[in-house]
Amino acid sequence: MTVQIDHALEEIRRFRPSPEFAAQAVAEERLYEEAAADRLGFWADQARSLLTWEKPFTQTLDWTNPPFAKWFADGELNVAVNCLDRHVAAGLGERVAIHWEGEPGDSRSITYAELTDEVKRAANTLEGLGVKQGDRVAIYLPMIPEAVVSMLAVARIGAIHSVVFGGFSADSLASRIDDAEASVVITADGGYRKGRVFPLKPVVDEALEKAEGGTVRNVLVVKRGENEVAWNADRDLWWHESVATASAEHDAQAFDAENPLFILYTSGTTGKPKGILHTSGGYLTQAAFTHKNVFDLHAERDVYWCTADVGWITGHSYVVYGPLANGATQVLYEGTPDTPHPGRWWEIVEKYGVTILYTAPTAIRSFMKLGRQIPHAFNLRTLRLLGSVGEPINPEAWIWYRHVIGGGSIPVVDTWWQTETGAIMISALPGVTDLKPGSAQVAVPGISVDILDDDGNHVEGEGGGLLTITEPWPSMLRGIWGDPERFKETYWEKFGDKYFAGDGARRDEDGDIWLLGRVDDVMNVSGHRLSTAEIESSLVAHPWTAEAAVVGAADETTGQAVVAFVILKASQADQVTDVSAAADELRKHVATQIGAIARPRQVFIVNELPKTRSGKIMRRLLRDLAEGRQVGDTTTLADTSVMTAITAQVQ
Ligand code: 6R9
């Protein structure tokens, strides 16, 4: 109930931009007017002014074959040149691109000139390994500069990267390698996390044993953790022996604007992750436009820090492509926020004089729990803009972020978008919009959204409905890798030519949008998307499990937490004498199969699951239970006594 009270109170709060901020703001009101007057002309202007085209485009959008869009299709550019070479050519070679901070405290500052050389070397190495335009390269790295270098090197030669988050298991990596038919994997021996080295190369070795496609010819390995690794001399190469010695001369070829740039896997409603496909010109245009306008980037003086891992879309668009296309100076941090001490992030803000910070509500909430004395031991006065992404930010956290981290008067922008949208879609523009805590507010210029009911009718007011995007946008996904049918079915079948986002939303009387969470079986744990179906199928793959149901239960810190209800096989039930040990074993099993982020907070061993007469599991009732509420309406259950029995077992 506190949430509703918060809403009622906070909705009245508005924060006008300060006159000083507004006077220097990058974004201007006129952007909305220009985009409203001529949406395609607006995006064409952005593409021309923010990017450098080898061959100018003449056509902005081709939407003759929806939902397959083409943006700037007859134009040609090189994405890496746009992120690197052109800045060096403009005399910015000595500007720091990346202040990298390793978890143990080692650090490196890399200029645009140095980053350009390193990317050219890596591009030469990849070409030497036979990687060509359109080939897929899997990247499984910690947050080290080589992760950025690898992505840009792949982009430079027109190949396609598939970054797999370093926390994913060998199984997850194997299925992603197979799905994309990757020919090269770039990894490290290990990386630092929570004060320890976590091995990566051994996970790749295991994944390649499990991968059925046998498509991987080479594994390129960065030395970082100094941990022991097995070596296959026919397949494996050290980065410091190959990339470091490769030539730093590399002529970049221009590719079509629609040349694929990357695949990024994300959870959907079914068990199998979807390979979301993004292409070059439109993606880079919107990433650069939003990075500049939503974060008020003054590249010549700002120090920007986005805390996301490059394994997620936020790391792609707002660590790699947006900031580098805009010539920004940024911080890249390898480790966890609390290693070796809970003030680590704030120490980094002080050390580099960070001015713009972009992070997730889950991080903000965990800092709130620790108390303001931790950030306040550091000088945070350089901060002048804060951003949030990944899940709704509750007004309380918004206010804390603004006051305790931001000193009380700087803008906080809550940015709504998805892996599929490629770049920010809904957000305030700092210096222009009056800010309203808890609401993501308005579509960015050039983006058209609507809230519809189940039948596709426009919904006004408090009741809310389904968030849709009504016009194609430059950074939209171009498909699901290898599965055009699933692409159509998932996003376009419900509303025809309008994009179905999978989020609930409502618009308040000022026209501001409030996000209400997913309407499908996708959970959001610490800003990471997880599918109930994927975790259920992992649980069922365990020899003890007969049946499993997974729900996302509200969690104070992580937003939602995974809670599983499992029925053991009768044949196994006798062997399992210790229920809590069995639950632990199943939690561990999920972490091994999918990755630690998917590890259930709780596993309840039960005898039955609540089902409708048609056999559908009623997750709503399990969620009531997991959240400690009175269990709701059970009348549609096939057997109404089931919930009483489960409740007794859980308590
Ligand atoms: C960028 C990213 C997308 C899902 C999305 C929504 C949730 C993201 C949000 C937000 C409310 C915000 N989400 N940002 N909900 N307010 N500002 O997170 O991409 O990992 O694909 O997740 O995250 O539910 O549908 P992705």
Exercise for review: Return the lysines within reach of LYS132: Cα separation strictly under 17 angstrom, same-chain partners fewer than 8 residues apart disregarded; answer none if there are no such residues.
Suggested key: LYS120
Exercise for review: Arrange the following residues from fewest to most other Cβ atoms within 10 Å of their Cβ: MET643, MET523.
Suggested key: MET643, MET523
Exercise for review: Please give, to one decimal in nm, the separation of the simple spin-label points placed at ASP74 and GLN649, each 7 Å out from Cα toward the Cβ.
Suggested key: 6.5
Check your understanding: Over all distinct alpha-carbon pairs, what is the Kirkwood Rh of region 325-468 in angstrom?
Key -> 16.7
Practice item. With only alpha-carbon atoms counted, please give the Rg and Dmax of region 422-470, in Å. Key: 12.1, 38
Point to revise | Share of pairwise Cα separations in region 331-404, more than 21 Å, in percent | key: 18
Check your understanding: For region 47-53, in order, what is each residue's ³J(HN,Hα) by Karplus, 6.51 cos²θ - 1.76 cosθ + 1.60 with θ = phi - 60°, in whole Hz (x at glycine and Pro)?
Key -> 4, 6, 7, 8, 10, 10, 9
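When the chain is fully extended, how far beyond the present Cα-Cα distance does GLU460 get from ARG108, taking 0.36 nm per residue of separation? Please report the intermediate quantities before stating the final value.
Numbers: separation 352, 0.36 × 352 = 126.72 nm, distance 5.17 nm.
Value of the extension gain: 121.5 nm.
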**Study point:** Two-decimal Rg/Rh across the chain, once Rg and the Kirkwood Rh are taken from alpha-carbon atoms
**Key:** 0.95
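If R₀ is 51 angstrom, what is the calculated FRET efficiency for the pair GLN253 and ALA22, using the beta carbon separation as r and rounding to 0.05?
0.75
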Check your understanding: In terms of modelled amide H atoms, which long-range or inter-chain residues lie less than 5 Å from the amide H of VAL163?
Key -> ILE139, ILE263
Practice item. Could you list which residues have their amide H under 5 Å from that of THR545, counting only those 5 or more apart in sequence or on another chain, with H placed in the peptide plane? Key: LYS569
Study note, to complete from the structure: Heads up, region 226-338 by the C-alpha gyration tensor (a ≥ b ≥ c square roots of eigenvalues; a/c under 1.5 rounded, else a/b over b/c prolate, else oblate) looks rounded
Practice item. Please list the radius of gyration and Dmax for region 514-650, considering alpha-carbon atoms only, with Å as the unit. Key: 14.5, 49
Practice item. Using only alpha carbon positions, build the gyration tensor of region 367-433, then give the equivalent ellipsoid semi-axes as the square roots of 5 times its eigenvalues, largest first, whole angstrom. Key: 24, 14, 10
Review point. Once amide H atoms are placed 1.01 Å from N in the peptide plane, what residues at a sequence separation of 5 or more from GLY502, or on another chain, have their amide H within under 5 Å of its amide H?
Key: LEU467
Point to revise | Peptide ranges 413-424, 42-53, 529-540 listed from the most packed, as the mean C-beta count within 10 angstrom indicates | key: 413-424, 529-540, 42-53
**Study point:** lysines with Cα under 16 Å of LYS210, excluding same-chain neighbours fewer than 8 positions away
**Key:** LYS201
**Study point:** Two-site label geometry, SER641 and TRP63: point separation in nm, points 7 Å out along Cα→Cβ
**Key:** 5.8
Practice item. Sum -39500 (n - 2.57) across every DSSP H segment of at least 4 residues in the chain, then divide by the residue count to get the 222 nm mean residue ellipticity, nearest 500. Key: -8500 deg cm²/dmol
Point to revise | Entries in LYS272/LYS494; LYS274/LYS488; LYS436/LYS494; LYS274/LYS494 that, when Cα-Cα distance is taken, lie over 24 Å | key: LYS436/LYS494
Review point. In square nanometres, what is one fourth of the surface area of the convex hull spanned by the alpha carbons of region 532-591?
Key: 4.1
Exercise for review: Find the centroid of the Cα atoms in region 442-497 and in region 557-579, then give the distance between the two in whole Å.
Suggested key: 37
Practice item. Report ³J(HN,Hα) in whole Hz for each residue of region 526-539, in order, from the Karplus equation J = 6.51 cos²θ - 1.76 cosθ + 1.60 where θ = phi - 60°; Gly and Pro get x. Key: 6, x, 9, 7, 9, 9, 4, 5, 5, 6, 4, 6, 5, 5
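Compute the FRET efficiency between VAL579 and ASP483 as 1/(1 + (r/R0)^6), taking r as their Cβ-Cβ distance and R0 = 45 Å, and round to the nearest 0.05. Before the final figure, lay out the partial values.
Numbers: r = 40 Å, r/R0 = 0.89.
E between VAL579 and ASP483, to the nearest 0.05, is 0.65.
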Practice item. Mind computing the radius of gyration and Dmax over the alpha-carbon atoms of region 484-551? Å is fine for both. Key: 16.2, 54
Check your understanding: In straight Cα distance, which aspartates and glutamates are under 12 Å from LYS55, not counting same-chain residues fewer than 8 positions off?
Key -> ASP74, GLU76, ASP256
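Determine, from the Cβ-Cβ distance of LEU370 and ALA541 and an R0 of 60 Å, the FRET efficiency 1/(1 + (r/R0)^6), rounded to the nearest 0.05.
Efficiency, rounded to the nearest 0.05: 0.95.
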Check your understanding: Given the C-alpha centroids of region 261-336 and region 112-160, what is the distance between them in whole angstrom?
Key -> 16
Check your understanding: Cα centroid distance between region 197-257 and region 583-626, in Å?
Key -> 37
Review point. Which whole-Hz couplings ³J(HN,Hα) result when phi for each residue of region 308-317 is put into the Karplus expression 6.51 cos²θ - 1.76 cosθ + 1.60, θ = phi - 60°, listed in order with x for Gly and Pro?
Key: 5, 7, 5, x, 10, 4, 4, x, 5, 7
Point to revise | Ranked list, fewest to most other Cβ atoms within 10 Å of each Cβ, for SER388, SER169, SER580, SER109 | key: SER580, SER109, SER169, SER388
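Read-outs throughout are calculated quantities, based only on the coordinates presented, and are distinct from any laboratory measurement. Here the structure is a predicted model, which is why all the values come from computation and not from measurement. Positions of Cβ are backbone-derived with ideal geometry, glycine not excepted, and every protein chain shown enters the neighbour counts.
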